[in-house]
Amino acid sequence: MDIARPERAQLLRRRRIIWGGAAVLVVAAGSLALARLEPAAPSIEGGTLWIDSVKRGEMLREVRGQGTLEPEREQWISADNAGQVVQVVLRPGANVTPDSVILRMTNPELAQQAQEAQSQLSTAEADLRVLEAQLATQLLNQEAEAAGLSAQLAEARLQVEANERLHTEKLIPDITLKVSRLHADEMTKRQQLEEQRLARLREANAAQVAGRRSQLEQLRTMQRLRNEQMVALQVKAGIAGILQEVAVEAGQRVNPGTILARVAQPDTLKAELRIPETQAKDVAVGQVAQIDTRNGIVAGRVARIDPAARQGTVAVDVTFTGPMPPGSRPDLSVDGTIEIERLPDVLYMSRPAFGQPGEKIGLFRVSPDGDTAQRVTVQLGRASTHTIEVVSGLNKGDKVILSDTNEWDGYSRLRLH
């Protein structure tokens with residue numbers, strides 16, 4: 001007959017619970033692992049990608065813009081000072097250089113002021129030399145006094161040392177030793193005070209000389225101004241070109257600001273470039289530029305930067321430092337490149353399709369075998385027209401994909417074939 005065994009049924013139930021729980025754990029772990037699996041790396045045709053290598057060396061920062069050739073403006077010459085025209089040296093139509101004298105003027109009052117300014121300057125220079133000699137003598141006397149006190153202090157300290165030895169041998173009374181020590185202390189304080197007086201004297205002397213030199217510089221500036229005003233009475237063209245007009249006649253008296261003559265440069269051109277406003281912040285007056293006129297490349301320098309942006313660009317004027325090629329004429333379209341700076345010994349690469357200077361971006365670095373590309377974070381630095389500095393994230397010789405990779409933003413790895 002059947003015998004009831006309740007303990008076996010309980011054991012079977014426990015086993016079912018254990019195996020069920022284990023199955024649930026296995027399924028949960030598998031689901032979690034599957035959830036963490038990255039999507040399969042897409043396969044890309046390597047020939048369709050723009051791949052460049054990271055280089056180390058000098059990186060030339062430059063910006064580029066298009067523009068036109070424009071004529072230089074005419075030069076209007078006005079009177080800097082009042083005076084009377086005594087001679088018209090050149091007439092309209094004359095070819096002039098910057099030092100060509102067009103007019104000669106005279107001003108007796110200005111000549112007297114220039115002579116007085118020179119006299120005051122000479123007197124002030126002599127007074128300064130006398131003051132410097134007097135202060136140097138005072139300083140030497142004070143230094144001698146300080147040196148004498150230093151010698152007395154040394155003598156007092158030697159006396160204290162001698163008295164201490166004699167006192168140890170019971171050869172002098174206590175009072176003698178104390179007196180010598182008091183004398184040494186007194187000399188120490190006097191010597192310190194004398195050093196302070198010497199330092200204060202040096203400061204006072206320096207202040208006096210500085211004040212006198214300041215006055216002398218003011219007189220020197222005034223003397224230079226008077227001399228420049230006298231030189232300006234010889235009215236010069238200031239630029240090379242053709243004298244277009246002389247607006248005064250001999251014997252005529254003129255006031256400051258009166259228009260005297262006009263000089264034009266009909267053959268002198270400049271390039272007006274339109275630089276993108278995002279790059280114009282690095283452009284500065286004086287930077288070297290290269291202008292492609294389609295007939296040749298001419299060297300130049302940045303002469304002016306428009307303070308306002310118009311339609312996303314900033315106007316930059318470039319004056320030429322080399323001869324213009326044949327066929328150059330106003331309104332001719334040109335391309336210009338402005339050199340910003342040269343960065344020695346930096347990591348750099350070609351500019352990627354995305355990313356701005358100073359940003360952190362993700363780029364795909366190609367493996368050495370060229371079969372895969374792994375996404376890495378790259379810190380960009382300063383940029384040029386075609387290149388950009390690599391601050392961190394890449395090393396020399398690394399190959400990276402610079403094409404637009406937005407469609408693969410969800411992947412950390414690409415397969416190349």
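The values are calculated or read from the model by the stated rules, or taken from the named source; none is laboratory data. A quick note: this is a predicted structure, and the numbers were derived from the prediction, not measured. Cβ coordinates were reconstructed from backbone atoms using ideal geometry, including for glycine residues, and neighbour counts include every protein chain displayed. Accessible surface is based on the protein model in full, side chains and every heavy atom, while ligands, DNA and RNA are left aside. Shrake-Rupley method; radii C 1.70, N 1.55, O 1.52, S 1.80 Å.
Rounded to the nearest 500, what is the 222 nm mean residue ellipticity of the chain from helices alone, with -39500 (n - 2.57) per DSSP H run of 4+ residues and division by all residues? Write down the numbers at each step before the final one.
Working: 3 runs with 151 residues, N = 417.
Theoretical 222 nm ellipticity from helices: -13500 deg cm²/dmol.
Measure off, as a whole percent, the carbon and sulfur share of the 1.4 Å-probe accessible area of the chain, all protein chains present. Don't skip to the end; give the middle numbers.
Numbers: 13200 of 25540 Å².
Exposed carbon and sulfur together represent 52 percent of the surface.
About its Cα centre, what dipole magnitude does the stretch 265-350 give when the only charges are +1 on Lys and Arg Cβ and -1 on Asp and Glu Cβ, stated in debye to the nearest 20?
On the way: 9 positive and 12 negative charges, 31 e Å.
Its charge dipole is roughly 160 debye.
Name the longest site-free stretch of the chain, where the excluded sites are trypsin sites (Lys or Arg not before Pro) in a DSSP loop with no more than 14 other beta-carbon atoms within 10 Å. Write down the numbers at each step before the final one.
Values: sites that count: 73, 170, 294, 396.
Answer from the scan: 171-293.
Please state the shape class of the chain: rounded when a/c is under 1.5, otherwise prolate if a/b exceeds b/c and oblate if not, all from the C-alpha gyration tensor.
The shape class here is oblate.
Hey, rough spin-label estimate for residue 227 and residue 178, points 7 angstrom out along Cα→Cβ, what's it come to in nanometres?
In this crude label model, residue 227 to residue 178 measures out at 7.3 nm.
Skip the ligands, DNA and RNA, and give the accessible area per residue of the stretch 85-203 with a 1.4 Å probe, whole Å².
66
Taking the Cα centre of the chain as the origin, how large is its charge dipole in debye, to the nearest 20, when only Lys and Arg (+1) and Asp and Glu (-1) carry charge on their Cβ atoms?
Details: 51 positive and 53 negative charges, 378 e Å.
Dipole magnitude for the chain comes out near 1820 debye.
In nanometres, what is the gap between the two model label sites at residue 417 and residue 162, each 7 Å from Cα along Cα-to-Cβ?
10.8
Compute the relative contact order of the chain as a whole-number percentage, counting only Cα pairs closer than 8 Å that sit 6 or more residues apart in sequence. If you can, show how the numbers build up before the last one.
Numbers: 717 pairs, mean separation 119.8, N = 417.
Normalised by residue count, the contact order of the chain is 29 percent.
Positive end of the charge dipole of the stretch 183-300 (Lys, Arg +1 and Asp, Glu -1 on Cβ, about the Cα centre): tell me which of 231, 293, 247 has its Cα farthest that way.
Final value for the positive-end residue is 231.
List the lysines whose Cα lies under 26 Å from the Cα of residue 270, skipping any in the same chain that are fewer than 8 positions away.
Result set, ordered by chain and number: 236, 281.
Could you tell me the accessible area of residue 390 in Å² (1.4 Å probe, neighbours in place), rounded to the nearest ten?
Its heavy atoms expose roughly 10 Å² to the probe.
DSSP loop (so not H, G, I, E, B), at most 13 other Cβ within 10 Å: list which GluC sites (Glu not before Pro) in the stretch 104-207 pass both filters. The partial results should precede the final answer.
Working: sites: 109, 116, 125, 132, 143, 145, 155, 161, 164, 169, 186, 194, 195, 203; in loops: 169.
Those satisfying the criteria are 169.
If you take the beta carbon distance between residue 267 and residue 111 as r and set R0 to 45 Å, what does 1/(1 + (r/R0)^6) give as a FRET efficiency, to the nearest 0.05?
0.70
Under a straight-distance cross-link criterion of Cα-Cα below 16 Å, which lysines are reachable from residue 170, leaving out those fewer than 8 residues away in the same chain?
Within the straight-line limit of under 16 Å, residue 170 reaches these lysines: 178.
For residue 141 and residue 190 in one chain, what is 0.36 nm times their gap in residues minus the Cα-Cα distance, to one decimal in nm? Intermediate values should be presented prior to the final figure.
Details: separation 49, 0.36 × 49 = 17.64 nm, distance 1.63 nm.
That pair, residue 141 and residue 190, stretches by 16.0 nm at full extension.
Arrange the residues 408, 50 by how much accessible surface each exposes, largest first, with a 1.4 angstrom probe. Mind showing how you got there, number by number?
Working: 408 25, 50 110 Å².
These residues rank, largest area first, as 50, 408.
Go through the stretch 240-257 residue by residue and turn each phi into a ³J(HN,Hα) via Karplus (6.51, -1.76, 1.60, θ = phi - 60°); whole Hz please, and just put x for glycine and proline.
Computed from phi, the couplings for the stretch 240-257 are 8, x, 10, 6, 8, 7, 10, 8, 10, 10, 4, x, 7, 9, 10, 10, x, x Hz.
Apply the a/c threshold of 1.5 to the C-alpha gyration tensor of the stretch 63-175 and tell me whether it is rounded, prolate or oblate.
Note, shape of the stretch 63-175 comes out oblate.
Any idea which of 146, 43, 117 is furthest toward the positive side of the dipole for the stretch 30-154, if Lys and Arg beta-carbons carry +1 and Asp and Glu beta-carbons -1?
Farthest towards the positive pole: 43.
Taking the Cβ-Cβ separation of residue 154 and residue 255 as r and a Förster radius of 56 Å, what is the calculated FRET efficiency to the nearest 0.05?
On the way: r = 75 Å, r/R0 = 1.34.
So the FRET efficiency works out to roughly 0.15.
Hey, what did the stretch 313-383 get for relative contact order, percent, Cα under 8 Å, at least 6 apart?
Working: 43 pairs, mean separation 15.9, N = 71.
Worked out over the stretch 313-383, it gives 22 percent.
For residue 386 and residue 245, FRET efficiency with R0 = 51 Å and r from the beta-carbon atoms, rounded to 0.05? Walk me through the intermediate numbers first.
Details: r = 48 Å, r/R0 = 0.95.
Efficiency for this residue pair is about 0.60.
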